[in-house]
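Here is the structure we will look at.
The values are calculated or read from the model by the stated rules, or taken from the named source; none is laboratory data. This one's a predicted model, so the numbers in the text were calculated from it and none came from an experiment. All Cβ positions, glycine included, derive from the backbone under ideal geometry; neighbour counts span all protein chains shown. The area values use the complete protein model at the heavy-atom level, side chains included, leaving out ligands, DNA and RNA. Shrake-Rupley method; radii C 1.70, N 1.55, O 1.52, S 1.80 Å.
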Amino acid sequence: AGPVQVQLVVPMAVVFAPGSVPGDLPRPLPFRDVQEMEISVNLRTSVTSRYEMRYRSTTAQEEAALAAATAREADAALYPLQDTTLGSLTMYMVPETSSLLPQGINVYVGKHRSALVRAGGGLAALQARLREVTQLMSFTATSIAAALSDRVPDGQLGPDARRNLKSSLGYEITFSLLNPDPKSHTVDWDIEGAVNRFVKPVLDKLSLVANFSVDSQILYYAVLGVTPRYDKESSSFLLSAHSLPHVINPVEARLGSSAASLYPVLNFLLYVPERSHSPLYIQDKDGAPVSTNAFHSPRWGGIMVYNVEAPASPQTSLPLHVDVDMARVMEVFLAQLRLLFGLSREEVPPEFLLESPGNEGLADWELDHLLWAHTVENIATVSTTLTSLAQLLDKIGNIVIKDDVASEVYRAVASVQSAVTELSLGHLLAAFQASKEAVTCSERAFFDPSLLHLLYFPDDQKFAIYIPLFLPMAVPILLSLAKIVRETRLRKKEPTKMD
């Protein structure tokens, strides 16, 4: 893979409310400061993060907004006053005694691109706290290493790093309802309404990252690949964590969506267990029941088991009519979707309070988090693709490169350079769009049918093919040539007769 050198620049405003300015600031407000950090990936890939901080005092409007009763209200009031360009951050420093932040909470991360940070301690303590918040809200060394996972030596990445989906220009999402026992259950699910209500707002927000298409299907008689174990104590059936990987294979054969797709497919399956295996519960590794009764598979999707209440009287006529509670199901599927995109919120320090993104499914800074990671991944992908292409062209000396292929390569190189430049200027959106363009061009060049190496033969193969064709014709030609040469020589030797 070609060398990748990227500088990620995060423009940041650090805004001090009255009473929050540390005593040991090096110079009076406003002033600028820069902090750099090296993210180690490997020898050929260097990623530097650079936080360009602008320290200043609050304006009168910001002070009024910070006088709100709760952090949530303050966040909403501050939103129209701040820089909302993608990838930029605003940190509002509030006095140590501020009642905006609940007890024991030092950092409140809002829905947009700002956070409220409790002042306290000197400048060093403040910068350490700011570094933690900015990494959470933009990118961490881990998220960048995960984006470059193909280049990171094995063993250096945590188990979760390869869990996230690879960056792609599009994704297909398929919701499937599995009803293995239609004789006992007639299952109704309002998937269209649920997608419009719960999934669409999230995908609208993610539409900047990629194109999404959503479809749904109902599969009858589709069973899981594992027979659950009956548990006498709870009179229910159990699926243990270690048998979950075997659940997917037989089901996947029935899904039939990924075969025809250009893009990665995310599968979300709702499984209504057959009557003979109801109720069915999923256990985690420690044998405790999983509260959501669902599990997810990295880069593939998720499965949720939906149990049906047994009828009160045994005389109830079958099939039972089941109306699926879509709000409950979608809550689980959206949580799994966030996991697949690497937006899980597990590793947050205890003194941080993160505002829930509401029905949009992800906060603005989480969208930025995705864009940072995907931009870096796209730049690395293009560099790998173009290096592979160059190696292929080096190997085949007589390959013909058409003008349109050449121009795609030039555009890919120009777009990558532009993405790297935009990143170093702190323009995240422009950088991401340039990196997407570069991926499109490099793939188009790489997969161009005229560059199929089967079209080009090495010279020795050509000789092997053509000699048997030309030899039979060549023999009489060569013999007659030799004869002509011989006759001309004889003619020269004979002295001309003088009359």
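Miscellaneous remarks
- Candidates are the residues of segment 1-25 that are at pLDDT below 90 and in a strand (DSSP E or B); the one that is surrounded by the fewest Cβ atoms within 10 Å (Cβ to Cβ) is Q5.
- Among residues of segment 319-341 that are farther than 19 Å from W300 by Cβ and in a strand (DSSP E or B), those with a Cβ under 9 angstrom from a residue that is at pLDDT below 90 and of a type in the set (D, E, K, R), sequence gap 6+ or separate chain, pair up as L320/R275; L320/E309; V322/E309.
- Here segment 424-465 is the region considered, the condition is being part of a helix (DSSP H, G or I), open to solvent by 90 Å² or more (accessible area, probe 1.4 Å) and modelled with pLDDT of 85 or more, and the residue that is nearest to L389 (Cα to Cα) is R444.
- Of all residues in segment 93-113, those satisfying the criterion of being among the hydroxyl-bearing types (S, T, Y) and over 24 Å from E360 (Cα atoms) are T97, S98, S99.
- Test: residue in segment 372-390 that is among the polar types (S, T, N, Q), free of Cβ contacts under 8 Å to residues at least 24 places away in the same chain and either in a helix (DSSP H, G or I) or crowded, with 16+ Cβ neighbours inside 10 Å (or both): no
- Residue within segment 469-484 that is modelled with pLDDT under 95, of a type in the set (F, W, Y) and open to solvent by 100 Å² or more (accessible area, probe 1.4 Å) present: yes
- Which numbered condition A406 fails, given (1) open to solvent by 70 Å² or more (accessible area, probe 1.4 Å); (2) of a type in the set (A, V, I, L, M, F, W, C); (3) in a helix (DSSP H, G or I): (1)
- In segment 190-260, counting only strands (runs of 3 or more DSSP E) that sit wholly within it, the ones holding 1 or more residues that are assigned by the TED database to the domain that holds V290 and within 21 Å of S167 (Cα to Cα) span 211-220.
- Picking from residues in segment 263-278 that are among the aromatic types (F, W, Y) and buried (at least 19 other Cβ atoms within 10 Å of the Cβ), the one that is farthest from the chain's Cα centre (by Cα) is Y271.
- Of all residues in segment 254-262, one or more are farther than 24 Å from W189 by Cα, open to solvent by 10 Å² or more (accessible area, probe 1.4 Å) and in contact (Cβ under 8 Å) with a residue 24 or more places away in the chain.
- Residue within segment 69-87 that is assigned to a strand (DSSP E or B) and either farther than 11 Å from A17 by Cα or not basic (K, R) (or both) present: no
- Qualifying residue in segment 56-78 (condition: closer than 18 Å to V10 by Cα, at pLDDT 90 or above and surrounded by 13 or more Cβ atoms within 10 Å (Cβ to Cβ)): yes
- A single entry from E355, E351 fulfils the requirement of being surrounded by fewer than 18 Cβ atoms within 10 Å (Cβ to Cβ), touching a Lys or Arg at 6+ places or on another chain (Cβ under 7 Å), in contact (Cβ under 8 Å) with a residue 40 or more places away in the chain and not assigned by the TED database to the domain that holds P279: E355.
- For segment 227-246, the candidate set comprises residues that are more than 18 Å from R275 (Cβ to Cβ) and of a type outside the set (S, T, Y); within that set, the residue that is surrounded by the most Cβ atoms within 10 Å (Cβ to Cβ) is L244.
- Filtered by the rule that a residue be within 30 Å of L367 (Cα to Cα) and free of Cβ contacts under 8 Å to residues at least 12 places away in the same chain, segment 205-235 gives a lone residue, S207.
- Contact map, segment 236-247: first residue within 12 Å of N293 (Cβ to Cβ) and at pLDDT 85 or above, second residue assigned to a helix (DSSP H, G or I) and open to solvent by less than 20 Å² (accessible area, probe 1.4 Å), Cβ cut-off under 9 Å, separation 6 or more or different chains; pairs are L239/V247.
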